[in-house]
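The values are calculated or read from the model by the stated rules, or taken from the named source; none is laboratory data. Please read all numbers here as calculations on a predicted model, not as lab measurements. Here the Cβ positions follow ideal geometry from the backbone for every residue, glycine too, while neighbour counts run over all protein chains shown. Note: accessible area is taken over every heavy atom of the protein model, side chains too, but ligands, DNA and RNA are not part of it. Shrake-Rupley method; radii C 1.70, N 1.55, O 1.52, S 1.80 Å.
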Amino acid sequence: ETKIVYEYVKQAFLNAYIEAWKEQEKETPQPVYLVIEEINRGNCAQIFGDIFQVLDRNSNGFSDYAIVPDADLSRHVKKKIKKLVIVNKEVINAIYEECEEDMVDKVVNGKVLLLPNNLYIWATMNTSDQSLFPIDSAFKRRWDWKYRPITKGIDNDGSELNWRIKADTKEYDWWSFLVKINEIIGSTTNSEDKKLGFFFCKATDSIISAE
């Protein structure tokens with residue numbers, strides 16, 4: 001007998017979410033990381049949707065507020081984690097003492113989505129690129145921000161890339177050039193975002209043509 005079956009297909013967030021809660025069966029849960037590359041290239045409000053609300057964390061690292069998933073998502077989460085035995089169940093429930101129901105029970109039964117304290121969401125943003133969509137302040141404040149200054153390029157083996165600019169018969173160090181040109185850009189524009197990164201040009205066999 002041939003049948004057509006429709007199943008919920010997990011994506012990156014849900015994979016990380018389920019793995020993080022599975023780790024809560026251990027006395028010391030291992031961290032689970034969801035890494036988002038160049039987060040400013042997407043419409044954050046549309047991509048995150050209701051998950052936007054669970055990004056607020058309390059001092060224990062769990063979501064301040066839970067959200068109610070739609071029926072399909074709820075059934076899938078319940079199917080994957082309903083049999084979990086959460087080691088620190090009472091400790092977690094104590095965080096939400098104002099809630100009359102068992103919060104951990106609601107999580108494993110898919111009634112609510114709640115980020116555990118071992119789920120980390122890391123994102124990168126290249127500030128020199130124009131964002132395709134603006135990121136509003138309400139979204140920004142839910143993240144810890146760390147600025148990473150422009151640095152010399154690193155090869156896959158961890159060694160520094162010694163790229164050169166070739167002009168006629170002479171060669172010049174690409175990184176030294178960037179340092180000098182970025183001093184001019186910085187003093188002219190008063191903006192870090194306008195400065196050139198190491199990979200602004202592409203080298204062929206470590207050589208960048210003057211052209």
**Study point:** Residues that are assigned to a loop (DSSP other than H, G, I, E, B) and charged (D, E, K, R), drawn from the stretch 138-156
**Key:** ARG141, ARG142, ASP144, LYS146, ARG148, LYS152, ASP155
Revision key, fill the gap. Taking the stretch 157-201 and keeping residues in contact with a Gly (Cβ under 9 Å, 6 or more places away or on another chain), assigned to a loop (DSSP other than H, G, I, E, B) and charged (D, E, K, R) leaves LYS195
**Study point:** the stretch 62-74, residues that are open to solvent by less than 60 Å² (accessible area, probe 1.4 Å) and either under 16 Å from the mean Cα position of the chain (by Cα) or in contact (Cβ under 8 Å) with a residue 40 or more places away in the chain (or both)
**Key:** PHE62, SER63, ALA66, ILE67, PRO69, LEU73
Revision key, fill the gap. Restricting the stretch 30-61 to residues that are at pLDDT 95 or above and either more than 21 Å from LYS140 (Cβ to Cβ) or among the hydroxyl-bearing types (Ser, Thr, Tyr) (or both), the one least open to solvent (accessible area, probe 1.4 Å) turns out to be VAL32
Study note, to complete from the structure: Filtering the stretch 175-191 down to residues that are in contact with a Phe, Trp or Tyr (Cβ under 8 Å, 6 or more places away or on another chain) and open to solvent by 50 Å² or more (accessible area, probe 1.4 Å) yields TRP175
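Could you say whether any residue in the stretch 83-100 is part of a loop (DSSP other than H, G, I, E, B), open to solvent by less than 70 Å² (accessible area, probe 1.4 Å) and within 19 Å of TYR65 (Cβ to Cβ)?
Keep residues of the stretch 83-100 that are part of a loop (DSSP other than H, G, I, E, B), which gives 83-88, 96-100.
Filter again for open to solvent by less than 70 Å² (accessible area, probe 1.4 Å), leaving 84, 86-88, 96, 99.
Subsequent filtering for residues that are within 19 Å of TYR65 (Cβ to Cβ) retains 96, 99.
Within the stretch 83-100, one or more residues are part of a loop (DSSP other than H, G, I, E, B), open to solvent by less than 70 Å² (accessible area, probe 1.4 Å) and within 19 Å of TYR65 (Cβ to Cβ).
Being free of Cβ contacts under 8 Å to residues at least 24 places away in the same chain and either of a type in the set (A, V, I, L, M, F, W, C) or outside any helix (DSSP H, G or I) (or both) is the filter; apply it to the stretch 128-137 and report the residue that is nearest to LEU178 (Cα to Cα).
Step one: of the stretch 128-137, the residues free of Cβ contacts under 8 Å to residues at least 24 places away in the same chain are 130, 134, 137.
Now narrow it down to the ones that are either of a type in the set (A, V, I, L, M, F, W, C) or outside any helix (DSSP H, G or I) (or both): 130, 134.
Values: GLN130: 21, PRO134: 29 Å.
Looking at residues that are free of Cβ contacts under 8 Å to residues at least 24 places away in the same chain and either of a type in the set (A, V, I, L, M, F, W, C) or outside any helix (DSSP H, G or I) (or both), I get GLN130.
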Exercise for review: Go through the stretch 101-127 and count every residue that is part of a loop (DSSP other than H, G, I, E, B) and open to solvent by 50 Å² or more (accessible area, probe 1.4 Å).
Suggested key: 8
Review point. In the stretch 165-184, what residues are over 16 Å from THR151 (Cα atoms) and either under 30 Å from the mean Cα position of the chain (by Cα) or not acidic (Asp, Glu) (or both)?
Key: ILE165, LYS166, ALA167, THR169, LYS170, TYR172, ILE184
Check your understanding: Inside the stretch 1-51, can you point out the residues that are assigned to a helix (DSSP H, G or I), out of contact with any Phe, Trp or Tyr (no Cβ under 9 Å at 6 or more places or on another chain) and among the charged types (D, E, K, R)?
Key -> GLU19, LYS22, GLU23
